[in-house]
Amino acid sequence: FIWEHMETVNQILTHIKHSGRTFSGPKMAIVAPEFVILSQQCTYTGQQPEPSKVAKIQDWQPCKSLTKVQAFLG
């Protein structure tokens, strides 16, 4: 898995170099023990929803009127 990842990174960097594009090295993370992308926390054990997003849903208060239910549903 690691070797394949590094080969893919090398191909991407080669394409960037040959196309004349630039990128910020300090902002780029090629290898990390975990990262968040599209609200998914990715680790070596798998993917999980981002904890801050889950907390927002768990903290929702119940709707107390029909108007609030309709507003919630859109």
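Bear in mind these aren't lab numbers, they're just calculated from the coordinates by the rules spelled out. Predicted model only: the values in this text are computed from it and were never measured. All Cβ positions, even for glycine, are placed from backbone atoms using ideal geometry, and neighbour counts span all protein chains on display.
Tabulated values for the structure
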| quantity | calculated |
| --- | --- |
| Proxy reagent accessibility, fewest Cβ within 10 Å first, across Leu13, Leu73 | Leu73, Leu13 |
| Rounded to the nearest 20 debye, dipole of the range 19-67 from Cβ charges on Lys, Arg, Asp, Glu | 180 |
| Relative contact order of the range 32-74, defined on C-alpha pairs under 8 angstrom at six or more residues apart (%) | 20 |
| Efficiency of FRET from Cβ geometry, Ser52 and Val9, R₀ 35 Å, rounded to 0.05 | 0.80 |
| Spatially close lysines, pair count over the chain: Cα under 25 Å, gap of eight or more or interchain | 6 |
| Amide N of the range 30-47 lying under 15 Å from the label point, which is placed 7 angstrom from the Cα of Ile16 along Cα→Cβ | 30-32 |
| Base-10 log of normalised Debye intensity for the chain (one unit scatterer per alpha-carbon) at q = 0.12, 0.22 Å⁻¹ | -0.60, -1.10 |
| Options Trp3, Ile57, Gln47, ranked by Cα towards positive dipole end of the chain, top entry (Cβ charges) | Ile57 |
| Measure of compaction for the range 32-74 (Cα Rg per 2.2 N^0.38 Å) | 1.68 |
